[in-house]
Amino acid sequence: MDRCFPATKYEQQAAQFVGYEAKLAWRLPWKTESWLAVFSDQLRGTLEPGGDVPRLAPQRYGLSWQQQHGGFTADARLTRGRAQTLPGANETPTRGWAQLNAGLRYTAVAQDGQELSAFLVGRSLNNAEVRNAASFLRNYAPEPARSVQLGVQWLH
């Protein structure tokens, strides 16, 4: 059974990159501070004289929501990553994925400017298998599965 990692040699080569990053956000007409946004990004790279630049993330797009009221902030983000079908020489394609993250935070600010926050954050709540096209380890290990974090943060 072969358990060796491949040896790779990288050399500089001329390349052309074309891409975009976009976000449209709307303030919702509620009494609290509430925002809804759609976003997307993509980068395409081609080597000169030819071929695809390896380990580039595929197009991503999604929807996010954030609401603030007093010291509370709640947010949710749904991100969809398309399949990477142009992975570059000696690289493997990755499947598309969707990931849901959400969080709740309460922050109290003292008179001297110090902040104390308590938070609850959920990542990959839909427990999607995400293989990061930019990762050297994508064929061996996916991104972390569903997780929930509860914590306290003090900024002084």
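Only the coordinates and a few stated rules stand behind these numbers; no lab work does. This one's a predicted model, so the numbers in the text were calculated from it and none came from an experiment. In this analysis, Cβ positions are derived from the backbone assuming ideal geometry, glycine residues included, and neighbour counts consider all displayed protein chains.
Here the simple spin-label model places points 7 Å from the Cα toward Cβ, and for residue 140 and residue 83 these points are separated by 2.6 nm. Taking Cα centre as origin and charging only the Cβ of basic (Lys, Arg, +1) and acidic (Asp, Glu, -1) residues, the dipole magnitude of the chain rounds to 420 debye.
Sorted on the mean count of surrounding Cβ atoms within 10 Å across their residues, most packed first, peptides 137-144, 51-58 read 51-58, 137-144. What is the range 11-84's relative contact order, in percent, from Cα pairs under 8 angstrom and six or more apart in sequence? Answer for the range 11-84 is 27 percent.
Residues whose amide H comes within less than 5 Å of that of residue 88, counting only those at least five positions distant or on another chain, are 52 (H built at 1.01 Å from N in the peptide plane). Relative contact order for the range 15-155: 17 percent, from Cα pairs under 8 Å spaced at least 6 residues apart, divided by residue count. Which of 96, 56, 43 sits closest to the plus end of the dipole of the chain, meaning its Cα is farthest towards the positive end, when Lys and Arg get +1 and Asp and Glu get -1 on the C-beta? Sorting the options by dipole projection puts first 96.
Close amide H pairs (under 5 Å, H built 1.01 Å from N) link residue 146 with 127, residues at least 5 positions away or on another chain.
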